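Each remark here refers to the structure printed beneath this line.
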Amino acid sequence: MPGFHDILGHEAVKQHFQKAIEAHKISHAYILAGEAGMGRKSLANAFAMTLLCEKGKSEPCMECHACRQVLSGNHPDLIHVTHEKSTIGVDDIREQINDTIMIRPYSSYYKIYIVDEAEKMTVQAQNALLKTIEEPPGYAVIILLTTNPEAFLPTILSRCIQLKLRPLRDSVVQEYLAGSLQVPEKEARLYAAFARGNLGKAIRLAGSSEFRHLYDEMVYMLKSVKTMELSELLDRIKRWKDEELDIGECLDFMQVWYRDALMFKVTKDPDLLIFRDEFIALDKLSKTTGYDGFEKILEAIDKARVRLEANVNMELAMELMLLVMKEN
Ligand SMILES: [Zn+2]
């Protein structure tokens with residue numbers, strides 16, 4: 001479990017927490033929002049550990065009794081709210097927060113509650129939590145982790161400090177993969193491009209054999225878009241669905257591919273390519289497709305994504321997109 005300085009990126013969020021600690025102005029309720037894998041839990045834990053640390057600095061010392069208790073998951077004043085069902089119900093909030101929050105902290109100045117997947121709180125659960133957030137005891141700190149702050153009642157939102165995690169720069173993710181995880185540089189670049197600033201996702205991709213399969217499938221298909229019959233292309237896509245490939249990730253892949261070719265058309269610099277191994281194919285594509293063609297294709301991929309999210313028949317959404325790819 002890392003302290004603040006071990007967490008890559010997210011400078012604004014770290015600074016917010018550390019300044020609040022230095023100024024002794026801790027809010028009673030926070031919302032940490034961001035995609036899964038971006039580091040919400042690490043940031044919340046670093047904040048909690050720092051607040052509980054006996055040294056009282058803006059980084060946890062990692063050595064005192066309190067820090068060691070947090071590290072071993074046994075600090076009595078740090079409560080991770082859990083839930084058994086697919087939603088967080090009113091009883092979960094009552095039993096784990098409301099009924100215990102008036103009991104003073106055992107060993108430190110703060111008593112901290114971390115609610116993961118807080119967007120799963122039912123309206124009743126949120127209303128129960130609201131009562132506590134409206135009049136919390138001075139020592140209480142509640143941290144809600146979420147992928148979707150829009151799921152919260154306006155009354156909850158208005159009482160919490162909202163902090164949103166931003167994607168990291170690709171270069172930061174790439175350096176981490178290559179440096180700390182010894183991923184070969186060429187692959188690190190690819191994973192970083194796909195993770196779109198989400199370090200957790202990049203690490204997951206780097207350790208996944210499924211990604212390799214996705215890569216082979218997609219590159220083969222993208223190289224053959226113009227020569228393969230439409231029906232054959234659609235058959236391949238249907239097979240991806242049967243193989244449970246994530247169609248959203250397939251679209252991400254296509255987007256990175258066409259952006260790569262467009263980038264090469266503009267810069268003529270092969271070092272900037274994400275798919276450096278596919279230089280010959282991308283070079284050809286950059287010569288046969290015009291700027292407006294790339295624009296149309298990238299738009300068509302976006303449209304396919306929107307259509308799939310709106311539950312339009314997948315085959316139709318893909319067919320419309322493939323036609324634009326074939327024509328441009
Ligand atoms: Zn400490």
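Quick note: the coordinates plus some simple rules give every number you see, no bench work behind them. Keep in mind that this is a model prediction, so the values were computed, not measured. All Cβ positions, glycine included, derive from the backbone under ideal geometry; neighbour counts span all protein chains shown.
Brief remarks on what is shown
- The slack between Ser27 and Glu135, meaning 0.36 nm per residue of separation minus the straight C-alpha distance, is 37.7 nm.
- Legend: calculated FRET efficiency, Leu71 to Arg212, from the Cβ-Cβ distance at R0 = 45 Å, rounded to 0.05, equals 0.80.
- Rounded Å value of the spacing that divides the Cα centres of region 1-38 and region 176-214: 25 Å
- Against the empirical 2.2 N^0.38 Å (N residues), region 280-328 has a Cα radius of gyration ratio of 1.25.
- 3J(HN,Hα) from dihedral phi, region 87-94, Karplus parametrisation 6.51/-1.76/1.60, rounded to Hz, x for glycine, proline: 10, 9, x, 4, 5, 4, 5, 4
- Amide N proximity, region 6-21 versus Ile161 label position 7 Å along Cα-to-Cβ, cut-off under 12 Å: 13-21
- Footprinting exposure proxy ranking of His83, His75, fewest other C-beta atoms within 10 angstrom first, gives His83, His75.
- Cut-off under 5 Å, modelled amide H: who pairs with Ile79 long-range: Ile112, Tyr113, Ile114
- Computed from backbone phi, the HN-Hα couplings of region 46-60 come to 5, 4, 4, 5, 5, 5, 8, 4, 6, 6, x, 8, 8, 10, x Hz, rounded to whole numbers (Karplus: 6.51 cos²θ - 1.76 cosθ + 1.60, θ = phi - 60°; Gly and Pro given as x).
- Along each principal axis, Cα extent of the chain, largest first, Å: 71, 41, 32
- Normalised by the number of residues in the chain, the average gap of Cα pairs under 8 Å and 6 or more apart makes the relative contact order 15 percent.
- A cut-off of 5 Å between modelled amide H atoms, ignoring neighbours fewer than 5 places along the same chain, links Tyr30 with Ile142, Ile143, Leu144, Ile161.
- Ranked Ile274, Ile161, criterion: other C-beta atoms within 10 Å, fewest first: Ile161, Ile274
- Region 205-294: GluC sites (Glu not before Pro) in DSSP coil with no more than 10 other Cβ atoms inside 10 Å: Glu229, Glu244
- Proximal lysines relative to Lys201, as straight alpha-carbon distance under 20 Å, when same-chain residues fewer than 8 apart are discounted: Lys41, Lys164, Lys186
- Footprinting exposure proxy ranking of Met102, Met221, Met38, Met228, fewest other C-beta atoms within 10 angstrom first, gives Met102, Met228, Met221, Met38.
- Whole-number Å³ per residue for the convex hull built on Cα positions in region 4-164: 108 Å³
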